[in-house]
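The values are calculated or read from the model by the stated rules, or taken from the named source; none is laboratory data. Everything quoted here is computed from the prediction, not taken from an experiment. Quick reminder, even Gly has a Cβ in these numbers, built from the backbone with ideal geometry, and neighbours come from all protein chains shown. Note: accessible area is taken over every heavy atom of the protein model, side chains too, but ligands, DNA and RNA are not part of it. Shrake-Rupley method; radii C 1.70, N 1.55, O 1.52, S 1.80 Å.
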Amino acid sequence: MAAHQEKKLSEERKHQNMQNGTKASQGQWGRAWEVDWFSLASILFLLMFAPLIVYYFIMSCAQYQCSLTDPLLDLLRGNKHLSDIWNRTPMLTYRAAGIYSLWVTFQVVLYMYIPDFCHKFLPGYVGGVQEGAVTPAGVVNKYEINGLQAWIITHVLWFANASFLHFFSPTIIFDNWIPLLWCANILGYAVSTFAMIKGYFFPTNAKDCKFTGNFFYDYMMGIEFNPRIGKWFDFKLFFNGRPGIVAWTLINLSFAAKQQELYGEVTNSMILVNILQGIYVLDFFWNEAWYLKTIDICHDHFGWYLGWGDCVWLPYLYTLQGLYLVYHPVQLRTAHALGVLVLGLLGYYIFRATNHQKDLFRRTGGSCRIWGRKPEYIECSYTSVDGARYYSKLLTSGFWGWARHFNYTGDLIGSLAYCLACGFEHILPYFYIIYMTILLVHRCLRDEHRCSSKYGKDWKRYTAAVPYRLLPGIF
Ligand code: NDP
């Protein structure tokens with residue numbers, strides 16, 4: 001029933017948007033049409049400071065053993081000038097440029113030219129050509145889902161090289177970490193700038209573009225919804241998953257190799273970070289088709305936020321724990337290590353099980369069992385722009401009865417575990433949990449604002465039935 005109604009709505013949207021492509025018809029999607037001063041101030045802040053924040057974190061590790069306060073204190077006390085820090089920073093090298101170009105080219109080849117074979121032999125895995133959600137202009141894009149395959153091939157080659165080919169040292173990523181940062185920035189800015197120009201002059205789908213008239217906002221949040229080159233090279237899918245997320249586990253492996261080289265052993269904390277983040281990355285690729293329906297792909301446009309973020313922010317800041325452990329090889333006591341492992345697995349379980357419950361509930365229109373029982377839900381309705389009424393259901397049992405975004409809570413528990421693996425000596429490895437909390441709380445509020453305008457009084461009934469957002473009894 002629900003699936004039928006959603007389909008009807010999709011058809012309706014398709015028809016509606018193909019006709020006009022106006023603000024009204026796109027109102028439910030993605031970023032804003034009008035820019036308020038707060039949004040503008042935030043994006044200007046991020047455009048100016050996000051690259052500096054990344055540099056500051058990486059430089060602190062390279063020059064100050066990962067202390068975030070020492071560089072500032074040195075500058076404030078006059079012990080150092082900015083130029084001293086800058087002069088000690090490795091510059092862009094031909095070697096790094098070569099490694100990075102080869103890496104990105106390799107990922108493009110895997111993405112574009114090797115159709116998925118994993119779905120042919122892995123039971124339960126959804127790969128190959130899949131459809132995304134309906135775009136505001138009523139387009140249903142097709143995607144070649146082959147991220148798991150790209151991840152496997154890349155990692156098999158990595159281990160083959162480390163074990164017997166020996167073409168390059170497994171510490172190669174760590175050894176070129178700052179020169180590679182400049183390469184990642186060049187790609188991040190190039191792709192965002194290209195996406196902006198493309199949005200103006202040759203968009204993939206003109207009706208899926210949004211222009212606010214504010215250059216900085218459009219540059220940051222993107223103009224095109226799904227920029228593509230040719231039929232298959234989709235900017236969002238490529239940059240969201242590869243090269244950044246495929247690289248995540250390789251970066252961690254390189255950090256582990258560096259520990260081995262420097263100290264003759266890999267600490268249990270490093271192993272934990274590799275395992276827990278490895279599970280998260282594999283989950284991403286195993287569920288790549290499902291990610292086509294998440295907010296990143298369904299609502300966000302492609303601009304600097306995604307382009308630069310995927311190239312620089314993600315690989316450099318999501319891997320801070322591994323980097324930190326190269327400089328501080330923490331060997332955890334068994335109880336501490338076990339605690340981190342249990343917390344990490346618990347977080348992952350909640351994250352995956354919660355997402356799965358909603359997916360199952362929506363896919364079957366409620367004809368399923370959640371924790372062995374018939375699901376409980378709130379019937380709700382909403383009206384499309386032409387005044388037609390549609391019906392949907394909001395799950396209120398299972399994890400969705402505990403809180404309205406318990407999937408985010410699971411994600412946060414897992415993120416905390418990565419940080420706790422690094423001990424308590426420095427704040428730097430805890431950046432990840434701080435950042436994820438801000439990201440997911442903001443995302444939760446953004447999503448609820450959208451759902452509230454979509455479902456109206458039914459959303460109020462739902463929030464009365466499930467009063468907490470992330471933590472039952474607290475928030
Ligand atoms: P969700 O998967 O939570 O999707 C939210 C949508 O689900 C709502 O807009 C609504 O859509 C529907 N919905 C809300 N409540 C219910 C309910 N009770 N029953 C049925 N449907 C409901 O959000 P995201 O796409 O943001 O996140 C997906 C996952 O990705 C999360 O686990 C998150 O932690 C993770 N993530 C990780 C990031 C990272 O950097 N590591 C970044 C972002 C996300 P509708 O209009 O259809 O009703």
Practice task
Let me know the Rg and Dmax you get for the range 255-307 when you use only its Cα atoms, in Å.
Solution key: 16.7, 47
Handout entry: Lysine pairs within the range 90-331, Cα separation less than 27 Å, 8 or more sequence positions apart or different chains
Key = 23
Exercise for the section: Show which aspartates and glutamates lie in cross-link reach of K80 when reach means a straight Cα distance below 18 angstrom and same-chain residues fewer than eight apart are skipped. Expected result: D70
Completion exercise
Per principal axis, largest first, the Cα atoms of the range 317-475 extend in Å by 60, 34, 27
Fill in the blank from the handout: Note, the range 428-433: 3J(HN,Hα) by Karplus (6.51, -1.76, 1.60, θ = phi - 60°), whole Hz, Gly/Pro = x, goes 3, x, 8, 4, 4, 5
Handout entry: Theoretical ellipticity at 222 nm over the chain - DSSP helices of four or more residues, -39500 (n - 2.57) apiece, nearest 500
Key = -19000 deg cm²/dmol
Practice task
Over the chain, calculate the relative contact order: mean separation of alpha carbon pairs under 8 Å at least 6 apart, over the residue count, as a percent.
Solution key: 18
Practice task
Can you tell me the dipole magnitude for the chain around its Cα centre, using point charges on the Cβ only (Lys, Arg +1; Asp, Glu -1), in Debye to the nearest 20?
Solution key: 1280
Practice task
Measure nothing but the geometry: give the 0 to 90° angle between the long axis through the Cα atoms of 94-113 and the longest principal axis through the Cα atoms of the chain, rounded to 10°.
Solution key: 30
Practice task
Keeping all protein chains in place, calculate the accessible area per residue for the chain (probe 1.4 angstrom), answer in Å².
Solution key: 46
Fill in the blank from the handout: Expressed as a whole-number percentage, the relative contact order of the range 162-275 with C-alpha contacts under 8 angstrom and at least six residues apart is 25
Handout entry: the range 313-393: relative contact order as a whole-number percent, Cα under 8 Å and 6+ apart
Key = 13
Exercise for the section: Can you tell me which of 152-165, 319-332 comes out highest on packing, and rank the rest after it, using the mean Cβ neighbours within 10 Å? Expected result: 319-332, 152-165
Handout entry: Distant alpha-carbon pairs in the chain (separation over 38 angstrom), percent
Key = 26
Practice task
Using +1 at the Cβ of each Lys and Arg and -1 at the Cβ of each Asp and Glu in the range 334-474, identify which of I413, L346, T383 lies farthest towards the dipole's positive end.
Solution key: T383
Exercise for the section: Report Rg(Cα)/(2.2 N^0.38 Å) for the range 90-331, keeping two decimals. Expected result: 1.05
Practice task
Based on alpha-carbon positions alone, could you give the equivalent ellipsoid semi-axes of the range 104-217 from the gyration tensor, as √(5λ), descending, whole Å?
Solution key: 33, 25, 9
Exercise for the section: Evaluate the Debye formula for the range 192-347 with equal point scatterers sitting on the alpha carbons, no solvent, and hand back log10 of I(q)/I(0) at q = 0.10, 0.17, 0.21 Å⁻¹, in q order, two decimals. Expected result: -0.48, -0.95, -1.23
Problem - Packing rank of 345-353, 94-102, where each peptide gets the mean count of other beta carbons within 10 Å, highest leading - result: 345-353, 94-102
